[in-house]
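Notes for the one structure printed next.
The values are calculated or read from the model by the stated rules, or taken from the named source; none is laboratory data. Since the structure is predicted, the reported quantities are computational estimates derived from the model, not experimental observations. FYI the Cβ positions are ideal-geometry reconstructions off the backbone, even for glycines, and counts take in every protein chain you see.
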Amino acid sequence: MTELGGAFVRRGLERVAELVIARRLGPRITAASPLARAGDALVLVESRHAPGELVIDMRL
């Protein structure tokens, strides 16, 4: 690998983009919680029992 932004890094980022576009790679969402239950989501994150991302729904 050369400097950051070199051909090796650029090809790796292109491959990641291809996988995202093909929907073979994306965020692993464990749960979605309404804003009113954000505290419960925080407890789950702090307990390290969330294998993926937690989404807080900000809609009213």
Can you find a residue in the range 22-36 that is touching a strand residue (DSSP E or B) at 6+ places or on another chain (Cβ under 8 Å), modelled with pLDDT under 90 and part of a loop (DSSP other than H, G, I, E, B)? yes
Please verify whether the range 37-52 includes one or more residues that are modelled with pLDDT under 90 and in contact with a helix residue (DSSP H, G or I) (Cβ under 6 Å, 6 or more places away or on another chain). yes
Complete set of residues in the range 26-52 that are surrounded by 13 or more Cβ atoms within 10 Å (Cβ to Cβ) and in contact (Cβ under 8 Å) with a residue 12 or more places away in the chain: THR30, ALA31, SER33, PRO34, ALA38, ALA41, LEU44, ALA50
